1. If I go through the range 65-105 residue by residue, how many of them are in contact with a helix residue (DSSP H, G or I) (Cβ under 7 Å, 6 or more places away or on another chain) and open to solvent by 80 Å² or more (accessible area, probe 1.4 Å)?
2. Give the residue, chosen from Arg49, Arg144, Arg108, that is open to solvent by 80 Å² or more (accessible area, probe 1.4 Å) and under 30 Å from Thr14 (Cβ atoms).
Amino acid sequence: MINVYDSSGQLLGTMSWGAIIEQVVISGEDGRFAHCRTQPRAPLALKIRYTTPEGKQFDSLTGGIGGGGLFIESGAPLSPGTELTVEFALPDRPWDKLKAKAKVAWVRNKPERYLLFPGMGIQFVELDKTVQEELIGLVEALNRNRNAS
């Protein structure tokens, strides 16, 4: 845990390294959207296939996932507003492909800092409620483990 002070030296509180890194991460061009998320995200690399309405398919990796969306790493992100169908599997059930309707909410066109890849933030538009609940549980478990260390 890290103590956080204001400019006058007054203790504002404590934060985990993960929370501090998250604040640094959202200070980039995607930061204006992070505070709008209805569900928290956790870093998690999953194989994902996404398909545009024209039928173009792409395979990539996620950089984070949550009950409301995910981040797809891509050197050529699609334009905000582009509708997609995404297909992926959770780590504990790689044989069970989950599908969702989604749209591109924001893009990061170039790498930022040494950890942030270019890609796009994806917002789920249509996701089975049971799948969403599973994602929320997974994110809570991942974040709990991250914050414990």
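1. Residues flagged as in contact with a helix residue (DSSP H, G or I) (Cβ under 7 Å, 6 or more places away or on another chain) and open to solvent by 80 Å² or more (accessible area, probe 1.4 Å) within the range 65-105 amount to 0.
2. Checking each option against the conditions leaves just Arg144.
The values are calculated or read from the model by the stated rules, or taken from the named source; none is laboratory data. The shown structure was predicted, so the numbers you read here are calculated from the model rather than taken from an experiment. As a convention, Cβ positions derive from the backbone with ideal geometry for all residues, glycine included, and neighbour counts pool all protein chains shown. The protein model used for the area step is the full one, side chains on, heavy atoms only, and it has no ligands, DNA or RNA in it. Shrake-Rupley method; radii C 1.70, N 1.55, O 1.52, S 1.80 Å.
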